[in-house]
Amino acid sequence: MEKNLSGAIRYEDMARMVGCSVYEFSRVFSFVAGVPVSEYIRRRRLTQAAFDLRQGKGKVIDIALKYGYDSPSAFARAFKEAPRSGPLGRARPAENLSARLFSTNHSRRACYGVSN
C-alpha cells in the first residue's frame, strides 16, 4: 500500500498479501488503525502530497494529479478538510511525514486470531 500511493490500490491485493479475506482485512485494519482502509489511504496520499510539495518535487497541479485529485481546487479542498494534525496543523520536519501502520506479521496474527 505504501509503495503504491500514487496508483490504484485494490483491497483484494492487500488482503491476499496478508492472507485474509477482504472482509477480515478491512475489519482488522479498521480496528488496528482506528480508521477504515479508504480513509487511511486518503490521509496517506494527502500526507505524501504535502511531503512532495515541501520538497518542491513538482507543480501543485502535477502533484494533485499524481495522487488522484482531478483539479487543484479539489486538492486544496482536501487539505482544508483534513484534520489539523501532522503537516497541516503545525510545522514538522518533512522526514517525519512518513507513516507505517503495522507489519505484515502483525496483520497475519490478527487475521487468524493469534495473540502475542
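Numbers below:
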| read-out | value |
| --- | --- |
| Flag if A110 is at pLDDT below 90, among the hydrophobic types (A, V, I, L, M, F, W, C) and either assigned to a loop (DSSP other than H, G, I, E, B) or open to solvent by less than 20 Å² (accessible area, probe 1.4 Å) (or both) | no |
| Enumeration of residues in segment 1-32 that are in contact (Cβ under 8 Å) with a residue 12 or more places away in the chain and over 20 Å from R43 (Cα atoms) | M17, V18, G19, C20, E24 |
| Every residue from segment 1-59 that is of a type in the set (V, I, T) and either assigned to a loop (DSSP other than H, G, I, E, B) or touching a Phe, Trp or Tyr at 6+ places or on another chain (Cβ under 7 Å) (or both) | I9, V18, V22, V32, V35, V37 |
| Residue within segment 13-28 that is within 23 Å of Y67 (Cα to Cα) and charged (D, E, K, R) present | yes |
| Where a residue in segment 60-82 is within 13 Å of T47 (Cα to Cα) and its partner, wherever it lies, is open to solvent by less than 70 Å² (accessible area, probe 1.4 Å) and of a type in the set (D, E), with Cβ under 7 Å and at least six apart | I63/D52 |
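The values are calculated or read from the model by the stated rules, or taken from the named source; none is laboratory data. Given the structure is predicted, the values throughout are model-derived calculations rather than measurements. So basically every Cβ, Gly included, is an ideal-geometry build from the backbone, and we count neighbours across all protein chains shown. With ligands, DNA and RNA removed, areas are computed over all heavy atoms of the protein, side chains included. Shrake-Rupley method; radii C 1.70, N 1.55, O 1.52, S 1.80 Å.
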